[in-house]
Amino acid sequence: MSKYIGLKIVDAEPAVEGGFEKAGQHGGVIARDGYNVIYQDGKLWYPKEVFEKEFRPIEGLSFGEVIEALKQGKRVCRTGWNGKGMFIFMRPADDIHISVVAKNIKSLPKSVRDFYYQDCIDDEGKEIVEFDANDKVLFTAYLCLKDAQGCVVNGWLASQTDILAEDWEILD
């Protein structure tokens, strides 16, 4: 048998089993404290002890916990950061056709675009019109920081303080 770990972000509210106002004996029914958990495709009730073992608030998290949220496209930040509106996000991996890289990605230096442009011309210096579908450049995933001034810093690296902090929160 294999082991699994899950990470879901859900909405939840305290609720008593069976819709009663408070836990306890109600006629022949014993109602327990718990939570209504709202999923995209419905709602489930969890006993309090099960819910609190499986879920935790989306603030006060470790860096390891927010890594999974980043991989799911969520934005995260530290409550201890001084700059307002700062957050981290993951730029997912992408494969971009070589002609687009050579001609249209202005964030690359001209020397890099020129390097890829060599594969867009034939031996006579004419532009190749038809390419093989595999003529792509792989851009690997990386983390970005949206800073307090509104700039996006590509290739953000966590400091040891960030990695060991327990004040991370998921914004989405």
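Structural remarks
- Only one of the numbered conditions (1) in contact with a helix residue (DSSP H, G or I) (Cβ under 9 Å, 6 or more places away or on another chain); (2) outside any loop (DSSP other than H, G, I, E, B) is not met by Lys74, and that is (2).
- Cross-chain or 6+ apart pairs with Cβ under 7 Å, region 70-85 first and over 22 Å from Ile9 (Cα atoms), then outside any loop (DSSP other than H, G, I, E, B) and at pLDDT 95 or above: none
- Residue, nearest to Gln160 (Cα to Cα), within region 74-93, restricted to residues that are open to solvent by 60 Å² or more (accessible area, probe 1.4 Å) and at pLDDT 90 or above: Thr79
- Assessment of region 31-44 against the conditions (at pLDDT 90 or above, farther than 18 Å from Asp147 by Cα and not in a loop (DSSP other than H, G, I, E, B)) yields no matching residue.
- Count - residues of region 150-162 that are within 20 Å of Gln72 (Cβ to Cβ) and surrounded by 12 or more Cβ atoms within 10 Å (Cβ to Cβ): 3
- Filter result (open to solvent by 30 Å² or more (accessible area, probe 1.4 Å) and part of a strand (DSSP E or B)) within region 47-59: Glu59
The values are calculated or read from the model by the stated rules, or taken from the named source; none is laboratory data. All values derive from a computational prediction rather than experimental measurement. For neighbour counting, all protein chains shown are included, and Cβ atoms are generated from backbone atoms with ideal geometry for every residue, glycine included. For the accessible areas, the whole protein counts, side chains as well, though only heavy atoms, and no ligand, DNA or RNA atoms are used. Shrake-Rupley method; radii C 1.70, N 1.55, O 1.52, S 1.80 Å.
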